[in-house]
Amino acid sequence: MAQGQRPPKAFGEGLASGRARTNRNKVAVPCPHCGHEQLEPPTAISTNCRACGKYFLLQEGVKPAVKAEPAPLAQKLVACFECGLEQPVSLSAQSSMCRKCSRHIDLADYRITSAVSKNFRTHGVFMVETKAYVFNSETRAGDAIIKGKFLGRLTVDRSLTIHSTAEIKGILQATHLIIPYGNAVAWKDLLKAGSAEIVGELVANLQVAKTVFLKSSARFFGDLTAANLVVEEGAILVGAVRVSRGGAPGSL
């Protein structure tokens, strides 16, 4: 053999190296029927198992990627107005149907801007704007914001916010009373609520079943009865105070 000349390849050496290159371009796929694993081109769609002979799609032999579980929808509990059954609903839902009695459950918000004589029943927000007038109405709402006139019966399951411009006549029931900052409200009769948060000014005799919060900007004039009283520095309180467990129901 001349100097610098490559020695001849042994029989089968070229074939083996060709197979190695070919195998590197293939993927191992298990048979979904018998479990036998074999090499197949990555572009192949289907094949026959070389062990059991059964036909299968290559996707059947490849383990599917684990899909991330979808995030659960944000929900809240609402009670049916008719039968009282509590049930979960989506936070974005505008209405639902009771799972027990099949009655409609309104979840929408209402913003009243004119004179209206109508009954409302919703778990959403009921807002009466400054120039609006709701009269001869029986209304129940999740939250209520009163800036205008209201005549009738108003039941609020969560918070009732009263502004200085509000004129209210009738029967009110509220779980939580709010007098917002910059507003002054005077109530001539005994004012009752489940709890109260005074940020503005309130002139009234107030009876609360749970806790009264007087924020730093609060000004309260009148007699106060509550199970608990929290007064921030800067708040003004003028009147007799009685802190007692004998609270009153949340009605006005």
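The values are calculated or read from the model by the stated rules, or taken from the named source; none is laboratory data. Everything quoted here is computed from the prediction, not taken from an experiment. Note: ideal-geometry Cβ built from the backbone for every residue, glycine included; neighbour counts use all protein chains shown.
For segment 147-194, filtering for residues that are over 26 Å from the mean Cα position of the chain (by Cα), under 22 Å from residue 110 (Cβ atoms) and not in a strand (DSSP E or B) leaves 7. For residue 74, state whether it is modelled with pLDDT of 85 or more and surrounded by 11 or more Cβ atoms within 10 Å (Cβ to Cβ). Against the criterion (modelled with pLDDT of 85 or more and surrounded by 11 or more Cβ atoms within 10 Å (Cβ to Cβ)), residue 74 does not qualify. From the set of residues in segment 82-101 that are in a strand (DSSP E or B) and of a type in the set (A, V, I, L, M), which is farthest from residue 123 (Cα to Cα)? Ranking the qualifying residues of segment 82-101, first place goes to 97.
Restricting attention to segment 108-124, the residues that are surrounded by 15 or more Cβ atoms within 10 Å (Cβ to Cβ) and farther than 21 Å from residue 159 by Cβ total 1.
Kindly indicate which of 50, 99, 140 is surrounded by fewer than 16 Cβ atoms within 10 Å (Cβ to Cβ) and either in the same structural domain as residue 171 (by TED's automatic domain parsing) or farther than 30 Å from residue 28 by Cβ (or both). Even if it seems obvious, please write down each step before you answer.
On the way: 50 fails: either in the same structural domain as residue 171 (by TED's automatic domain parsing) or farther than 30 Å from residue 28 by Cβ (or both); 140 fails: surrounded by fewer than 16 Cβ atoms within 10 Å (Cβ to Cβ).
Sole residue among the options that is surrounded by fewer than 16 Cβ atoms within 10 Å (Cβ to Cβ) and either in the same structural domain as residue 171 (by TED's automatic domain parsing) or farther than 30 Å from residue 28 by Cβ (or both): 99.
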